[in-house]
Number of protein chains: 2
Amino acid sequence: MPAPIISLPPDRIPRRWYNLAADLPKALPPPLGPDGQPVRPEQLAPVFPMNLIEQEVSTQRWIDIPEEVLQTLLQWRPTPLRRCYALEKHLGTPARIYVKDESVSPAGSHKPNTAVPQAWYNREFGIRKLTTETGAGQWGSAISYACSRFGLSCKVFMVRVSFDQKPFRKTMMQVWGGQCVASPSSETAAGRAVLAENPNSPGSLGIAISEAVEAAVTDPTGGTRYALGSVLNHVCLHQTVIGLEAQEQLVLAGEKNPDVVIGCAGGGSNFAGVSFPFIREKINGAQITIIPVEPASCPTLTKTPYTYDHGDIARMTPLMPMHSLGHSFVPSPIHAGGLRYHGMAPTVSCAQEQGLLSPLAVDQLECYAAAVTWARVEGNIPAPETSHALAAVIREAEKAKQEGKAKVILACYSGHGLMDLVGYQRYLNGELQDVGMSDMEVQKCLHRIKDHPKPKL
Amino acid sequence: MPAPIISLPPDRIPRRWYNLAADLPKALPPPLGPDGQPVRPEQLAPVFPMNLIEQEVSTQRWIDIPEEVLQTLLQWRPTPLRRCYALEKHLGTPARIYVKDESVSPAGSHKPNTAVPQAWYNREFGIRKLTTETGAGQWGSAISYACSRFGLSCKVFMVRVSFDQKPFRKTMMQVWGGQCVASPSSETAAGRAVLAENPNSPGSLGIAISEAVEAAVTDPTGGTRYALGSVLNHVCLHQTVIGLEAQEQLVLAGEKNPDVVIGCAGGGSNFAGVSFPFIREKINGAQITIIPVEPASCPTLTKTPYTYDHGDIARMTPLMPMHSLGHSFVPSPIHAGGLRYHGMAPTVSCAQEQGLLSPLAVDQLECYAAAVTWARVEGNIPAPETSHALAAVIREAEKAKQEGKAKVILACYSGHGLMDLVGYQRYLNGELQDVGMSDMEVQKCLHRIKDHPKPKL
């Protein structure tokens, strides 16, 4: 049996990011400003540095990774691609399962792939401090690390429910010199407004984004900008190193295109990272089933229409063309905090509208069961977010068994679960239950945004 | 600049363990039984399976890794060797620093390297359950994982101070199906004796070993054995994959033998793993400075004589030839729980007696400072144990700078610190202080074992 881990020789390491916006058959609709007109780049300038805004709106297919960014990414990249012989044997499937392991990064997930370039571009633009939000803490850790690499200050608003569940995420951020506060906080007008309505609010990514954006744009020195860990085009762009490396590694493993590509999907950046290079292949004619996996408690791609909606609860962001449960939606406090976002990345949503995706929603008990199976068979303990991808891997491997087809399945192992063991303890104690949204619950949410404009493709 | 991570092609993966006992100029003295005579293998049979006892006493230079063991190790091996360009630049040193990263294993440290073969050999011998002790929890996690891979039950006695500091280690063990209790416990005669004297005992590895051995040998079915995570010859043997892989990777990086090899040393297995293949080179004439790094609060190699002593507090183990602070020594509750052991592996101790090592003791504030520097410059957050190796790396890199020599430094990054963030939080809060033992404190400890026999080389 060959070695399960497929590494990548230095001369095959990708040196460019792939921009799906260049290849989508129908172009990405623009974000809209308060006047209902497409947002102009300069309107975003108080929030992001201009060099990242240029990336955000770029339709160039390949964008060079700056040398200093590449050298920093290479502290842990290329990440291993693992052929899961043990899981295949355990499931008795003819499928060949490959998992791209993003858990080996400093912060333990794929998030540093974009944190590093975001910190670098901000520093290049003369920015001295970044603010951001974080759900499970993966992104807050990643941006703290990236800021420490490039000498920036960093302030992180962490969703309250995760802040309480995962106290050591704060310590991680502090090790890297970042500052972390629970959101909603009393430090911003947005946070105070939420607390006034509900002092015990568990928080949400939407609320935390409002706080972080406010903290950036109200800095009187002008030296602060905001960084977002998912959703935006430039974030998805930076994550494509995952899929690009996996393509090279699959070739080394003697494979052609995979039959199935799987990634968990909250805001969409992990899914984008692993899938966009393969969506390109699909657009060019390859037969690939591409599966974003979302929690049944926050089913954007599977249960909501394509609409314009805000990225945050305080409606500070432009209206973005996406699948959304509504910017004021507060999801169940599931342990997969990184998947608790009301919307889906515009690029991912746009690909969905063009029939390129086969989304799936999975409830949490199935995900934890998949995670424990994985740990006992393949070793590592996955993040609750990652467990959604693994649940889909197991479903697809069992389907391949029923069909008797030796399918090639590629999935992204987005992060490890070592900061999320509270959830595992509760699962093992039998304290968790399924919390999927019913169609009626979804409809109630959608009612609130029914008058929003609809994007045109 | 070339890529920092040096992987290893499958055809260069080591398929044999290296046994230092074959090459030590003066042979390893035997362990002694209660009668003062060398222990016969059959006397150990209630504790260990005979196939591992054979490895324990083997003087064969190379021992083949069984195919099923190798396939399991390859789920995460070969581990990355990383050239630390960023740290070199930060320190302004002409040294070339290489770090072998064992933190990528399922349990997050080097421990699974021996847990996997130990579980496999026990299963081959017909054993159904393993008992063990754990300090920081690294070993207990590793053996739980390994037992789950080979269908064994597993019970772990965890040193109380670490059990309280690191509650999630228990959850990790449970994810892999292991059972974890705090030691001293009321489940064994050894534990009850300690609790009777001091109900608030913080525990020690020596106490936990007594409990685990007792739980194994008193199983009336005879289907239980004990597994030890360090100290013993076969454990050090299994860890040599670290150094053997590093040798191959250094060749790929264009290096000859390193000038300095560094590993943290508690019981000695991590140090043994990275260093033994290089001690062989040194015995064969290479100029290599080989540095085991121990905590100043538990200074066995740097401050104690070579003597016979028991491995555990209840004196259930044979007398072993080693550097020791005495089997009843209870070290300060430092966060580097894996280095809180009163003795040092007989093979490492024997190498020290033959002038092959240059041991170093470092106190905890210097170690935490090194760890935070590492995290901010190289990314990952190291285990408190690992921080001892990193403190020595920084000292050696600064020495190379003073001397103006482009030395090659190799160190083992034994594990990550994600389960040890309590210690970081206390360090960042300024709550930690140095706790190194004075010569007088050491002498008091040694007085208790002054009448023990002395090993003859």
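The values are calculated or read from the model by the stated rules, or taken from the named source; none is laboratory data. Since this is a predicted model, take the numbers as computed values, not measurements. As a convention, Cβ positions derive from the backbone with ideal geometry for all residues, glycine included, and neighbour counts pool all protein chains shown.
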(message) Looking at A:GLY151, A:GLY178 in this structure, which one is under 26 Å from A:GLY223 (Cβ atoms) and surrounded by 24 or more Cβ atoms within 10 Å (Cβ to Cβ)?
(response) A:GLY178
(request) Select from the stretch B:101-160 the residues that are under 17 Å from B:ASN270 (Cβ atoms) and among the acidic types (Asp, Glu) and write down the one among them that is farthest from the other protein chains (Cβ to nearest Cβ). (result) B:GLU133
(message) Is it the case, given these coordinates, that A:LYS450 is in a helix (DSSP H, G or I), surrounded by fewer than 24 Cβ atoms within 10 Å (Cβ to Cβ) and more than 13 Å from chain B (Cβ to nearest Cβ)?
(response) no
(request) Could you check the stretch B:223-286 for helices (runs of 4 or more DSSP H) lying wholly inside it with 2 or more residues that are closer than 30 Å to B:ASP312 by Cβ and not aliphatic (A, V, I, L, M)? (result) B:233-239, B:269-283
(request) Would you mind stating whether B:GLU42 is acidic (Asp, Glu) and either in contact (Cβ under 8 Å) with a residue 60 or more places away in the chain or within 14 Å of another protein chain (Cβ to nearest Cβ) (or both)? (result) no
(request) Would you confirm whether any residue within the stretch B:153-173 is on the phi > 0 side of the Ramachandran plot and not β-branched (Val, Ile, Thr)? (result) no
(request) Might you let me know whether the stretch A:119-137 holds any residue that is touching a His at 6+ places or on another chain (Cβ under 9 Å) and closer than 26 Å to A:GLN165 by Cβ? (result) yes
(request) Select, from B:GLN239, B:GLN165, the only residue that is away from every other protein chain (no Cβ under 14 Å) and within 24 Å of B:TYR413 (Cβ to Cβ). (result) B:GLN239
(message) Looking only at the stretch A:142-175, count every residue that is within 19 Å of B:ALA86 (Cβ to Cβ) and in contact with a Pro (Cβ under 8 Å, 6 or more places away or on another chain) and tell me the total.
(response) 3
(request) Could you check B:ALA95 against (1) closer than 30 Å to A:ARG12 by Cβ; (2) more than 13 Å from chain A (Cβ to nearest Cβ); (3) touching a Pro at 6+ places or on another chain (Cβ under 8 Å) and say which number it fails? (result) (3)
(message) Go through (1) more than 20 Å from the chain's Cα centre (by Cα); (2) assigned to a helix (DSSP H, G or I) for B:PRO220 and report which single condition fails.
(response) (2)
(message) As an exercise: evaluate B:GLY436 against (1) within 14 Å of chain A (Cβ to nearest Cβ); (2) in a loop (DSSP other than H, G, I, E, B); (3) under 21 Å from the mean Cα position of the chain (by Cα) and give the number of the one condition it does not meet.
(response) (1)
(request) Output yes when any residue across the stretch B:252-272 is over 26 Å from B:PRO29 (Cβ atoms), of a type in the set (Gly, Ala, Ser) and crowded, with 21+ Cβ neighbours inside 10 Å, and no when none is. (result) no
(request) Examine the stretch A:346-353 for a residue that is within 30 Å of A:THR188 (Cα to Cα) and out of contact with any Phe, Trp or Tyr (no Cβ under 8 Å at 6 or more places or on another chain), and state whether such a residue exists. (result) yes
(message) Show the residue pairs meeting these rules: Cβ distance below 9 Å; 6+ apart or different chains; first residue within the stretch A:169-182 and assigned to a loop (DSSP other than H, G, I, E, B); second residue surrounded by fewer than 22 Cβ atoms within 10 Å (Cβ to Cβ) and of a type in the set (Ser, Thr, Tyr).
(response) A:GLY177/A:SER153; A:GLY178/A:SER153
(request) Filter the stretch A:8-35 down to residues that are crowded, with 20+ Cβ neighbours inside 10 Å and either modelled with pLDDT under 95 or within 14 Å of another protein chain (Cβ to nearest Cβ) (or both), then give me how many there are. (result) 2
(request) Scan the helices (runs of 4 or more DSSP H) fully inside the stretch A:299-404 and keep the ones with 2 or more residues being within 14 Å of another protein chain (Cβ to nearest Cβ) and crowded, with 21+ Cβ neighbours inside 10 Å. (result) A:364-378, A:384-403
(request) Look at B:TRP76 and say whether it is at the interface with chain A (Cβ under 9 Å from one of its Cβ atoms), under 20 Å from the mean Cα position of the chain (by Cα) and among the aromatic types (Phe, Trp, Tyr). (result) yes
(request) List the number of the failed condition for B:LYS111; all other conditions in (1) closer than 17 Å to B:LEU205 by Cβ; (2) free of Cβ contacts under 8 Å to residues at least 60 places away in the same chain hold. (result) (2)
(request) Filter the stretch B:230-261 down to residues that are among the β-branched types (Val, Ile, Thr) and over 13 Å from the mean Cα position of the chain (by Cα) and give me whichever is farthest from B:SER332 (Cα to Cα). (result) B:VAL251
(request) Kindly indicate the residue of the stretch B:410-433 that is crowded, with 23+ Cβ neighbours inside 10 Å and away from chain A (no Cβ under 12 Å) and also nearest to the chain's Cα centre (by Cα) among those meeting that condition. (result) B:SER414
